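What follows is one structure encoded as structure tokens, with my remarks underneath.
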Amino acid sequence: MRKINLELINKLPITRFPKLSCFIAGLMLKLCFCRGIIFTILIIPSIAILIKNVIRSPRRRSTFLMGYLFGLGYFGSTLYWIAESFKCVGYGNYGYLAVLCLVLYLSIFPALSCGFAKLLATSRLNLMILFSVFWVFFEYLRGILFTGFPWNLIGYSSIGIPYFSQIADIFGIYGVSFFLILISVFFTARKTIPYAITLLVAICSYGCYVIHFGDYMEPNKKAVVSLVQPSISQIDKNDFKKMKENINKHIGLSIRSPRKLKLYEGTRIIVWPEAAINTPIKSEGDILKYISTAIKKSQEIIITGCDRYTSAKKLYNSAFIFGHDAKVKQSYDKRHLLPFGEYIPEFLKFWQLKKLTEGIIDFSSGTLPRTIKLEGFAPFEIVICYEIAFPGEVMDSNESFWILNITNDSWFGRSDGPSQHMRMARYRAIEEGRSVARCANNGISCIIDCNGKVVKSLETDEIGTIDEVLPLRYRKTFYAKHKNKPIMILLSVLAIIPIVTRRRLSLRTSKLFPHER
């Protein structure tokens, strides 16, 4: 019976065509980033195919190639939508060439994970642990190298399992990635399945405790926050002849009196998305006066995304906070800019490349504090678009009570881009223990609680306003205090043990067989 089973296994495509099966396994991860818990489970067979082929591979070079092909399938299927942004500015199919270059680069990281795990492992269990460690280490590395691109980390696929995702309040998204990979590889062998089940039960039990019995707090100072989603296409936003029409659309969605305002007497904060004012303005320009005159009410504060051009001839992607008198109370300039979209990195200027957005001047990185303090209202943090993708970098002050994320997302149409972007915001909420208000021009505007649950939302192409009394309840998390240090320490310890074991084995062998040295 065992011989028959082995013969059947050897005839499977996973063993007969290992490289092809690794590429297909990478493609399967596309489904893991779809909505629904059933798709998240597909990560187990996907990782199983890769790790089985790595274990069976007799050569390290082929192991590297398997990891690279897996990466091509993984990143190619989940990042195709980036090409949509090129179409908005007239570059058409050049977007697919850009995506291809990006995928070819990103696939190096899974390849290195497989290669190093195979190189240093002394047993199958060692290989499983080292693979999980190196996978997350290289995820972290791609999040900081060459300005960083921490998009679609494997841990984001687990947001559909609320009890599992709560572990992020200790170890962050990199910790979620590690435990998700480790559990998946443990499920690939009969002897390690009990380890996988034990880890899974422990993590989900912790998540259950946090959600149902966690130590939550509620701040005294609150206000009605109105998130405006006008769903203006990027083509219309780029047309300066339609600028006044676009601003009037924002105003129309802002002036209606929300039901929550009737129940709550206090300040109302109206939030417009990133680049709602799509032209460089000065702090007290005519556009701000026009907006404040139209909205009129003295108790209302407006937060809008706009471009800011200074006397020093620097351009910033900014957020202005102003009142009925059109005077800017506070502003914030985006710090972590998007390569090619907002500027060309120094190491690429040799090729004379140009950014995709309008204008010949690159945006500059801001230095203003992101903590917003308004009189009579609980302080909060503001992050603009791409900045929400960077774990551990969304809060300047741990004393803030919530996070505001303004973004555009109309560049990506009805692709997977906006939903992937929102997953990151949900994990930032869990990590920091704060609710997140996400205001998009045409993506997914929503209110997210401190457990990553979406309380209210407007989907892509939906026009409307979300009203909510903020901040919601919050909690102080271990991750908010220590950021990525704990998971990096854990990974370092787990990596050192097999390496030390391997060195001791080689020393013992050299003493027993000195003639073979």
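The values are calculated or read from the model by the stated rules, or taken from the named source; none is laboratory data. All values derive from a computational prediction rather than experimental measurement. With ideal geometry, Cβ positions are generated from the backbone for all residues, glycine too; neighbour counts draw on all protein chains shown. When the accessible area is computed, the model is the full protein with side chains, heavy atoms only, and any ligands, DNA or RNA have been set aside. Shrake-Rupley method; radii C 1.70, N 1.55, O 1.52, S 1.80 Å.
A count restricted to region 384-401 and to residues that are under 20 Å from the mean Cα position of the chain (by Cα) and either free of Cβ contacts under 8 Å to residues at least 40 places away in the same chain or on the phi > 0 side of the Ramachandran plot (or both) stands at 4. Of the residues making up region 437-465, those that are of a type in the set (A, V, I, L, M, F, W, C) and open to solvent by less than 10 Å² (accessible area, probe 1.4 Å) are A437, C439, A440, I444, C446, I447, I448, C450. One residue alone among N238, N248 is within 27 Å of the chain's Cα centre (by Cα), at pLDDT below 95 and among the polar types (S, T, N, Q), and that residue is N238. Taking region 365-386 as the range and being at pLDDT 90 or above and buried (at least 20 other Cβ atoms within 10 Å of the Cβ) as the test, the residues that pass are G366, R370, I372, F380, E381, I382, V383, I384, C385, Y386.
Considering only residues of region 68-96 that are within 23 Å of the chain's Cα centre (by Cα) and open to solvent by 80 Å² or more (accessible area, probe 1.4 Å), which is modelled with the lowest pLDDT? Looking at the filtered set, the residue picked out is Y96. Here R142 meets each of (1) closer than 28 Å to L337 by Cα; (2) open to solvent by 30 Å² or more (accessible area, probe 1.4 Å); (3) of a type in the set (K, R) with one exception, condition (2). Of note, F149 satisfies the criterion of being surrounded by fewer than 22 Cβ atoms within 10 Å (Cβ to Cβ), under 15 Å from the mean Cα position of the chain (by Cα) and touching a residue at least 24 places away in the same chain (Cβ under 8 Å).
In a residue-by-residue description of region 477-495, the property of being touching a helix residue (DSSP H, G or I) at 6+ places or on another chain (Cβ under 8 Å), surrounded by fewer than 21 Cβ atoms within 10 Å (Cβ to Cβ) and among the basic types (K, R) applies to at least one position.
Looking at the structure I just gave you, is A111 among the small types (G, A, S), more than 30 Å from R414 (Cβ to Cβ) and either under 24 Å from the mean Cα position of the chain (by Cα) or surrounded by fewer than 20 Cβ atoms within 10 Å (Cβ to Cβ) (or both)? Yes; evaluated as a whole, the condition is true for this residue.
Here A25 clears all of (1) over 24 Å from F164 (Cβ atoms); (2) hydrophobic (A, V, I, L, M, F, W, C); (3) modelled with pLDDT of 90 or more except the condition numbered (1). Among the numbered conditions (1) of a type in the set (A, V, I, L, M); (2) open to solvent by 20 Å² or more (accessible area, probe 1.4 Å); (3) under 25 Å from V469 (Cβ atoms), the only one that I287 does not meet is (3).
When region 45-67 is limited to residues that are open to solvent by 50 Å² or more (accessible area, probe 1.4 Å) and in contact (Cβ under 8 Å) with a residue 24 or more places away in the chain, the one that is farthest from L180 (Cα to Cα) turns out to be R60. Of the residues making up region 165-188, not a single one is of a type in the set (G, A, S) and open to solvent by 20 Å² or more (accessible area, probe 1.4 Å).
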